[in-house]
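Enquirer: Quick one: structure below, then a few questions.
The values are calculated or read from the model by the stated rules, or taken from the named source; none is laboratory data. Note that the structure is predicted; figures quoted are calculated from it, not measured. Because the Cβ atoms are built from the backbone with ideal geometry, glycine has one as well, and the counts that use them run over all protein chains shown.
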Amino acid sequence: MASHAHSSHDHGHGEPHPLVGHLVPYSTLFATGAALIVLTIITVAARYVDLGEANIYLAIGIAVVKATLVSLFFMHLRWDRPFNLMVLVGSMLFVVLMMVFCMMDVGQNMPTENKGNPAKVQQYLDANAPFAPVTAKK
Amino acid sequence: MSHSASHADSHSGSHGHDAHGHDAHGDHAKYPFLAHHFDTPNQQFESGKLGMWAFLATEVLFFGALFVMYAILRFKDPQVFSYASQYLDTILGGINTCVLILSSLTMAVGVRAAQTNKKGLLSVCLFLTLMGAVGFLVIKYFEYSHKLHLNLKWGEGFYHPVTAEEAAEVKVEPKPVENPVLAIASPNPSAGAQTVALAPVPPVDKTAIAAPKTGPDGVATAKMVEATDAPMHVEHSEEPHLLDSNMPPNTHRFFAIYYIMTGLHGIHVLIGVGVIGWLFLASLKGRFNSDYYAPVDFVGLYWHVVDLVWIFLFPLFYLIH
């Protein structure tokens, strides 16, 4: 509880302090909200700028920054017990692990597309969705 | 507040191991919400919070698997994603992003209101959060219904014509096939298009086997697009996708993953409406105060995760250059 007593020193401001948890100042909350809205506008604007491959990485990067802001300030992880942060980051690491191994596998696949669609898909579409285009325009 | 002194006592008491049992008893007498298997309110709160985080970790893994599915589909057909993204409404998606961010903000302010015993502000914040969640779903409803109206669906429904005009343009006379197992039809020999039906195909009367009208290379001609342009432009400037010669194959996959991911997210928003609504009613009855506000805090965590997922969904679906 040492950190608890300490944090009440920092953010108490003479207001009634909760029995449990951490009190986040209004200024922090509204600044976080404003930053999230600004980043949303930036990411929408970035869509219309052609950066080639970098577009998706920029979009994901901004999303990661926004997610960090939400989890640190809205979800109190900045002041929470570190174990809660470990639970969140740990789950995300496992998602990244699954993503990396799946993409390694997909990257090794030989092309199996026939007339634009995989064979079975094409046969199914021919029978059930005869209006599906067969190949892409060059 | 008078309790600030007493809770300092409880904290020091919980750490005095010599008088542990006695002080724990004192906490239970002091705090009616403290369950008998917890020693202090702080232990109860932190345990509940850890449980909530464990649940949120499963949520991350739940959505994570779908993000992996998204990555695989996009890796295999990048042109599908850059093409189909134009059918999503960036303005509505952006508004929905802001709605969710603002409702996350009101939720965080609501937690602070509960912590500082401002019961009126807490109810107002919960109501605003609730309205944000409902507003998100209403906007999503308009997006979905517009797309379904245009047959921008998952699976084969994506390839069904929308209007009679479009059907007339795209359709040719269906040719009945006696033995679908082995039948090989070549309805458009000049184009060299071949249609093969195999055994597992369900017997559908309406389809039989028809030639892909979309032309020799499966491509609608510019003339066809022009011909049906006018009737489709009643409300929207979008091309009917079946007549769009630029549509890459497998475009239906984009909408499959779009509906799966945004739909699952929408279900989470719907659950959020229920839980936040319950919190709102409970707050009107004065159930929460600066000592006991754990449900507000934990539902807030859930609501922020719903916001987090949308923060990733929005650029991945709506903002593809």
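Enquirer: Considering only residues that are within 7 Å of chain B (Cβ to nearest Cβ), more than 15 Å from B:L56 (Cα to Cα), modelled with pLDDT of 90 or more and outside any helix (DSSP H, G or I), which ones fall in region A:47-90?
Expert: A:R81
Enquirer: I need a count of the residues in region B:265-304 that are in contact with a Ser or Thr (Cβ under 9 Å, 6 or more places away or on another chain), closer than 30 Å to B:S85 by Cα and of a type in the set (A, V, I, L, M).
Expert: Looking only at that region, the number is 0.
Enquirer: I'd like to check something: does region B:81-93 contain any residue that is closer than 21 Å to B:W303 by Cα, over 22 Å from the mean Cα position of the chain (by Cα) and among the small types (G, A, S)?
Expert: Scanning region B:81-93, I find no residue that is closer than 21 Å to B:W303 by Cα, over 22 Å from the mean Cα position of the chain (by Cα) and among the small types (G, A, S), so the answer is no.
Enquirer: Return the residue satisfying two criteria in turn: it lies in region B:229-260 and is among the β-branched types (V, I, T) and under 19 Å from B:E169 (Cβ atoms), and of such residues it is modelled with the highest pLDDT.
Expert: B:T251
Enquirer: Same structure, new question: Just give me the residues in region B:285-321 being in a loop (DSSP other than H, G, I, E, B) and at the interface with chain A (Cβ under 10 Å from one of its Cβ atoms), in sequence order.
Expert: B:N289, B:S290, B:D291, B:Y292, B:Y293, B:L319, B:I320, B:H321
Enquirer: Say we look at region A:36-46 and pick out the residues that are facing another protein chain (nearest Cβ under 7 Å) and among the β-branched types (V, I, T); which of these is surrounded by the most Cβ atoms within 10 Å (Cβ to Cβ)?
Expert: A:T43
Enquirer: Give the residue that is farthest from B:C98 (Cα to Cα), with candidates limited to residues of region A:2-45 that are part of a loop (DSSP other than H, G, I, E, B) and at pLDDT 90 or above.
Expert: Ranking the qualifying residues of region A:2-45, first place goes to A:L23.
Enquirer: Shifting gears a bit: Would you check which residues across region B:113-126 are surrounded by fewer than 24 Cβ atoms within 10 Å (Cβ to Cβ), in contact with a Leu (Cβ under 8 Å, 6 or more places away or on another chain) and facing chain A (nearest Cβ under 7 Å) and list them?
Expert: B:T116 - this is the single residue of region B:113-126 that is surrounded by fewer than 24 Cβ atoms within 10 Å (Cβ to Cβ), in contact with a Leu (Cβ under 8 Å, 6 or more places away or on another chain) and facing chain A (nearest Cβ under 7 Å).
Enquirer: Please verify whether region B:142-155 includes one or more residues that are modelled with pLDDT under 95 and over 22 Å from B:G93 (Cα atoms).
Expert: yes
Enquirer: Right, something else. Can you tell me which residue is farthest from B:L88 (Cα to Cα) among those in region B:149-164 that are within 11 Å of another protein chain (Cβ to nearest Cβ) and outside any loop (DSSP other than H, G, I, E, B)?
Expert: So the residue we want is B:E156.
Enquirer: Based on what the data block shows, is B:L137 in contact (Cβ under 8 Å) with a residue 24 or more places away in the chain, surrounded by fewer than 24 Cβ atoms within 10 Å (Cβ to Cβ) and over 23 Å from A:L69 (Cβ atoms)?
Expert: Considered against the rule, which asks whether it is in contact (Cβ under 8 Å) with a residue 24 or more places away in the chain, surrounded by fewer than 24 Cβ atoms within 10 Å (Cβ to Cβ) and over 23 Å from A:L69 (Cβ atoms), B:L137 comes out as yes.
Table: residues versus (1) touching a residue at least 24 places away in the same chain (Cβ under 8 Å); (2) out of contact with any helix residue (DSSP H, G or I) (no Cβ under 7 Å at 6 or more places or on another chain); (3) surrounded by fewer than 21 Cβ atoms within 10 Å (Cβ to Cβ); (4) under 30 Å from A:F30 (Cβ atoms).
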site: B:L61; (1), (2), (3), (4): no, no, yes, no
site: B:A71; (1), (2), (3), (4): no, no, yes, no
site: B:F75; (1), (2), (3), (4): no, no, yes, no
site: B:Q79; (1), (2), (3), (4): yes, yes, yes, no
site: B:Q86; (1), (2), (3), (4): yes, yes, yes, no
site: B:I95; (1), (2), (3), (4): yes, no, yes, yes
site: B:L100; (1), (2), (3), (4): yes, no, no, yes
site: B:L105; (1), (2), (3), (4): no, no, no, yes
site: B:A108; (1), (2), (3), (4): yes, no, no, yes
